[in-house]
Structures are given as C-alpha cells and as structure tokens.
1. Which of the residues that make up segment A:21-36 are under 14 Å from A:THR284 (Cα atoms) and loosely packed, with under 11 Cβ neighbours inside 10 Å?
2. Look through B:ARG98, B:ARG80, B:ARG19, B:ARG50 and report the one residue that is facing another protein chain (nearest Cβ under 9 Å) and under 13 Å from the mean Cα position of the chain (by Cα).
3. Restricting attention to segment B:149-174, and to residues there that are in a loop (DSSP other than H, G, I, E, B), surrounded by fewer than 13 Cβ atoms within 10 Å (Cβ to Cβ) and not aliphatic (A, V, I, L, M), which single residue is nearest to the chain's Cα centre (by Cα)?
4. Looking only at segment B:175-209, how many residues end up being among the acidic types (Asp, Glu), within 23 Å of B:ARG98 (Cβ to Cβ) and part of a loop (DSSP other than H, G, I, E, B)?
5. Provide a single number: the residues in segment A:99-116 that are more than 8 Å from every other protein chain (Cβ to nearest Cβ) and more than 24 Å from the chain's Cα centre (by Cα).
6. What's the number of the only condition in (1) within 15 Å of the chain's Cα centre (by Cα); (2) at the interface with chain A (Cβ under 9 Å from one of its Cβ atoms); (3) over 25 Å from A:ARG97 (Cα atoms) that B:ALA34 fails to meet?
7. Determine whether B:VAL177 is surrounded by 15 or more Cβ atoms within 10 Å (Cβ to Cβ), closer than 20 Å to B:GLY240 by Cα and touching a strand residue (DSSP E or B) at 6+ places or on another chain (Cβ under 6 Å).
8. List, please: which pairs have Cβ atoms under 6 Å, are six or more places apart or on different chains, and start with a residue in segment B:138-150 that is at positive phi and end with one that is surrounded by 14 or more Cβ atoms within 10 Å (Cβ to Cβ)?
Amino acid sequence: MSYSSLKDSVAELLGRDPRKPAPDEVSPEVKAIHQDKRADKSRIAKIRVELAEKAANKPPEKLRRKRWAVLIAVNLLFVLSYWLDIQLLEGALTASRFAGFHMADLNSALQVMLAFKHVVINLVIGTVTVFVLWWLLGGRTFCSWVCPYHLLAEWAEMLHLWLAKKKIVKDHPMDRRMRTVAWLVFALLALLTGYTVYETISPTGILSRALIYGPGVALIWVGLLLAFEVFYSRRAWCRYLCPIGLTYGLVGATSPFKVRYHLSSCFHEGECRKVCLVPHVLDTVILGRARGLEVDIGADCTRCGRCVDACPTSSLTFHFPGSGKAGE
Amino acid sequence: MNENVKKAKRRTSQKARRRFLRSVLYGAGAVGVALLGYLPVAGQWITRLRPPGALHEEKFLAACIKCGQCVQVCPVEAIRLADLDEGFGVGVPYIDARAQACDFSCDGLQCVLACPTGALTHEVNYPHQVDMGVARVVNEAQCLAVQGKGFRGQARGADFTGKLRYAEVDRWNPIPVRDHPYDLDLCDLCVRQCPIEIRIAECAAGKPPSGDERQCPPQHAIKLEPIDDTGRKRPVILDGCVGCGVCEMICPVEPAVIVMDSSESRASSKGLRA
C-alpha cells in the first residue's frame with residue numbers, strides 16, 4: 001500500500017505549505033530507512049558521481065518530448081478539424097464536440113453556469129464527460145498535456161532559467177494561496193456580475209481561439225504574461241493564478257492516475273524538485289519527509305513527467321492501478 | 001550573535017511580507033485587467049449583430065462559452081469571434097452584415113444547433129422566428145429605387161467575397177455574389193434577396209423550403225413602396241424583418257442604404273420572436 005493523504009493533498013493544492021511528518025505518522029520500517037540513509041556516508045559521493053555523469057552526458061527528456069507532441073497534436077486536431085472541415089474535433093478548448101460528442105472545459109463551464117444561472121443539457125453532457133475524462137487521467141494532466149499556454153510558458157521558463165543563470169533576472173516566488181483566492185474571486189464575479197469575467201483574460205481560451213480562428217490583439221495579453229514570467233516570476237500564471245489549474249486539480253485529487261514515489265531507491269539529490277512546476281508536491285522526496293515506502297504525489301501535480309525523466313534512480317514513476325512497476 | 005539572529009529573523013519576515021505583498025498585487029492586477037473588460041460592454045463601445053437565436057445581450061455574454069462552434073458550422077462563414085477590444089465580449093460571435101450576412105442558407109439554423117450552452121436559444125427552429133435585430137433605412141435619398149434607377153452588374157463589385165445561396169443556381173451551395181450579376185430595370189436587390197421574402201414566395205408557389213409548411217414566414221419583412229407615379233419606389237421595412245442583414249450586404253450603394261440595428265430588437269428578447 002502506498003501512502004497518500006487526500007486532506008494534505010487538497011490543502012497543499014489550495015496553497016498550504018507541506019508539513020513535516022509527525023513522528024507517529026511514520027512507521028518504524030520507514031523510520032529505519034530514513035536513519036540508514038542519514039548514516040550512509042557514501043550516499044553523497046554516489047550523488048556526486050551520478051550528477052557528474054548526468055552533466056557530462058545529458059539524458060534526453062523523453063517524456064517531455066512525448067508530452068509536447070501530444071499537446072501539439074491535440075491543438076492541431078482542433079485547427080485541422082476546422083481548416084480541412086473534417087469535423088472531428090469542433091470548437092475550441094473552452095467547449096467542443098469530439099466526433100459529435102459534447103465536451104466542455106470545466107472551468108469555462110463553471111463560469112458560464114455561475115454567470116448564466118441556467119444549464120442546458122448539452123452543457124451537462126459536456127461537463128460530465130470531461131469531468132470523468134480528467135478524473136481518470138489525473139486532473140491537472142490537462143495543464144501539461146493539453147493547455148497551449150503551458151507549452152509557451154515552458155519555453156518562457158527555459159529563457160527565464162537561462163537569464164537567471166546569467167544573473168540577469170531573478171525569480172520572485174509568490175504565495176500559492178493567491179490561486180485559491182483568485183479562483184474564488186472569479187467564481188464570485190461570474191455569479192454576481194453575470195459575466196464570465198475570467199474568460200476575458202484566460203490565456204488558454206485566447207490561445208486556443210487564436211490557433212483555430214486566427215490571431216487578434218488578445219495575444220498581446222498572453223505576451224505580457226509570458227514576459228512577466230521570463231523577467232519577474234517563474235511560471236507565475238500556472239503556479240499562482242490560473243483558476244483552470246485549480247479546478248482540474250480538485251477534479252483529479254482522487255484520480256487513479258498519479259506519479260508515485262519510491263523511497264528505497266531514492267538518493268534524495270533533489271533533481272526532480274528543480275524541474276517541477278509545483279515543487280511543493282515533491283516535498284516528500286526530501287530525506288526524512290516520506291511517510292511511507294511508496295508515496296502518491298499530490299493533486300497539484302500535472303503529471304507532466306519531468307520528475308520521472310529527471311530522476312536518475314527511477315524513484316518516481318507514473319502509476320495507474322494494475323500497471324507494471326508499482327502494481328503492488 | 002543574538003543581534004545576528006534578530007537581524008536574520010527581521011530579514012526573513014521582511015522577505016515574507018514582500019512576497020505576500022507582490023502576490024496580492026499580482027492577483028489584484030489580474031482581476032483588475034479582467035474587470036476592465038466591463039468598460040467596452042458598459043459603454044456599449046461596439047454594438048454587434050449577433051447570430052440567430054442569440055439571447056439578449058447581457059444574457060448572451062453570460063451564456064456564451066466562447067468556443068466558436070457556431071463559426072465552424074455556418075455555410076456562408078457569416079459568424080466571427082470578437083477580439084479583446086470588446087472586453088467581456090472577447091471570443092463571442094457576431095455578424096458583420098455588410099461583409100457577410102446570415103442568409104439562412106443552412107435552413108436548419110446550424111449555429112443554433114451547434115451552440116453547447118443555449119446562448120443561441122434552441123427554441124428557434126425557423127428563420128422567421130429569429131430576432132437578431134431590425135433593418136433600418138438610413139440614407140434613403142441614395143437608394144437607387146428612390147432615384148428610379150436600375151442596377152446592372154455585380155452587386156458589390158468584383159472584389160467582394162460575400163456569398164449568398166441562390167436556389168435557382170444551386171439549392172445546396174452558396175456562391176459568391178460577384179458570380180451572380182444582375183440586370184434590373186429598377187433596383188430591388190434588398191427585397192429580391194431577402195431570405196424571408198424568398199421563403200414567402202416559395203410558400204406562395206406551393207413549394208415551402210424542405211417541403212415543410214412550418215418554414216413559411218407569417219409576415220413580410222420588406223417591400224418597395226411607390227413614391228409617386230413616375231415608377232420611383234422606396235424600401236420599407238415590415239414587421240417580419242428578423243435582422244439577418246442580407247439587404248445591408250447586397251445593397252450596391254456605398255455606404256449601404258439599409259443597415260442593421262440590433263439595439264432594440266433583442267432588448268427584451270429571449271432570442272426569438274414572441
């Protein structure tokens with residue numbers, strides 16, 4: 001059995017900092033492993049060797065490439081479906097029809113429901129379909145595998161990290177509770193004003209429509225967000241503000257698909273946390289923090305797989321019930 | 001030593017305070033930018049002709065999920081999506097009638113059927129039930145019929161890309177207006193191409209669209225009314241007008257003699273005529 005706590009997972013999704021495990025939360029078996037690792041003097045040396053090897057011979061980020069291919073393919077399917085008039089995936093990311101079957105982005109649907117205060121059956125069908133889909137696939141999986149802004153933000157992040165290395169820019173982290181506040185504010189605004197206020201600035205909607213129906217001045221807003229992330233705060237939109245991310249995070253909180261951490265093989269070198277969009281979900285990889293031999297990564301995880309790629313000891317894996325490695 | 005710890009503590013708390021402050025500023029900034037979207041709506045900077053079945057403006061903006069499925073199904077590509085300069089209206093569909101009006105050549109109101117949220121109300125089934133707006137004659141003196149003139153040639157010139165469905169040419173496919181030149185002794189393009197008038201004529205001839213009697217409009221939408229006995233006539237908009245914009249699109253005069261007015265029609269409308 002792997003360790004997971006829905007309460008902590010959701011609390012961290014909403015912005016609470018991860019908490020260190022209380023002594024009684026950790027089984028003697030796991031405690032013993034923590035102690036052995038602390039006592040193992042060769043561990044640091046092993047990490048050095050391993051990191052030196054990695055630096056000399058940079059492994060390809062296979063999952064990242066696959067994920068980009070999927071993200072581009074999904075968005076391209078929208079574009080080609082319209083351009084070539086093959087009617088396979090009609091509409092945009094906010095709402096669409098796949099082979100005639102309704103789908104609705106959960107956050108867009110929520111905004112419409114709150115603003116319009118009336119729900120037609122097609123929207124119910126679309127919302128339930130997408131809810132089940134993303135619950136199965138892991139909620140925020142939408143973010144890293146589908147959202148076009150995520151891809152641009154990843155490229156902006158590369159630039160940010162490069163500039164940060166040259167000491168030209170500096171990351172200004174923010175309070176993650178901001179996203180929960182923003183989510184509530186946008187939900188309340190939709191309810192009270194009767195307008196889908198968030199949709200006005202949603203880079204996901206703006207980009208999806210720009211790809212399908214052609215560019216417009218709305219792209220300037222997306223450009224400003226990216227510039228903000230490059231020069232001021234790393235991945236600021238996805239990390240601290242986007243209500244879509246929180247909506248899908250909540251949907252996927254109990255998802256069967258997740259990233260799983262395996263304590264025994266971990267060297268605790270922290271490579272995963274360096275690449276992670278939401279490093280707080282990987283708090284458990286810090287030596288002494290794991291509460292179980294295997295730990296399920298929390299709801300804020302986008303299942304992007306960068307940690308899986310980055311981990312030199314394969315201590316982080318994708319997990320789906322009944323699937324290979326971690327099917328204990 | 002103690003001093004240093006204190007200093008470090010002060011620095012940490014200062015850092016935390018700064019972090020909190022910039023988070024609040026960031027959040028407030030994003031919400032503020034989003035709320036700016038109210039300005040073009042409240043100020044009615046741009047009024048738009050909306051697709052068939054559109055609820056009245058406020059409800060329409062609330063209900064529309066900004067996906068553009070209506071855009072994709074329109075056979076004459078009349079529907080476009082608004083840009084960010086329309087604030088809360090960004091991504092919301094509209095029709096620029098002069099460039100491409102809705103000529104109901106889909107018969108079945110495809111945009112209405114495509115709408116996933118009911119922003120285009122599913123209660124409209126036939127073109128004559130639609131309430132997009134109403135045509136207004138704005139510069140009557142320029143009207144060719146008022147001047148007693150005919151019209152010969154391409155209604156909007158060789159460069160105009162707008163389309164109409166001419167049932168006598170092709171029942172199923174709209175063709176560019178420029179491919180269908182006219183030769184008229186007295187210009188009556190606005191009446192001749194009116195989708196409501198066309199349907200009324202088809203019904204009178206015993207051939208309602210798709211053989212469906214319910215497609216027959218109960219009221220006329222536009223007529224040419226004699227001014228005097230010299231043969232000059234003026235266009236008069238009637239109660240059956242649904243605001244589709246075809247008369248505005250086809251009018252060969254620049255600027256058009258007739259324009260769409262969507263300001264009143266949908267003001268109390270549930271997206272269809274009572």
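1. Answer for segment A:21-36, where residues must be under 14 Å from A:THR284 (Cα atoms) and loosely packed, with under 11 Cβ neighbours inside 10 Å: just A:ALA22.
2. Values: B:ARG98 fails: facing another protein chain (nearest Cβ under 9 Å); B:ARG19 fails: under 13 Å from the mean Cα position of the chain (by Cα); B:ARG50 fails: facing another protein chain (nearest Cβ under 9 Å).
That would be B:ARG80, the only listed residue that is facing another protein chain (nearest Cβ under 9 Å) and under 13 Å from the mean Cα position of the chain (by Cα).
3. B:THR161
4. 1
5. Qualifying residue count, segment A:99-116: 5.
6. (1)
7. Details: surrounded by 15 or more Cβ atoms within 10 Å (Cβ to Cβ): yes; closer than 20 Å to B:GLY240 by Cα: no; touching a strand residue (DSSP E or B) at 6+ places or on another chain (Cβ under 6 Å): yes.
Answer is no for this residue.
8. Correct list of pairs: B:GLY148/B:ARG232.
The values are calculated or read from the model by the stated rules, or taken from the named source; none is laboratory data. This is a predicted model, so every value here is computed, not measured. Reconstructed Cβ throughout: ideal geometry from the backbone, glycine too, with neighbour counts over all protein chains shown.
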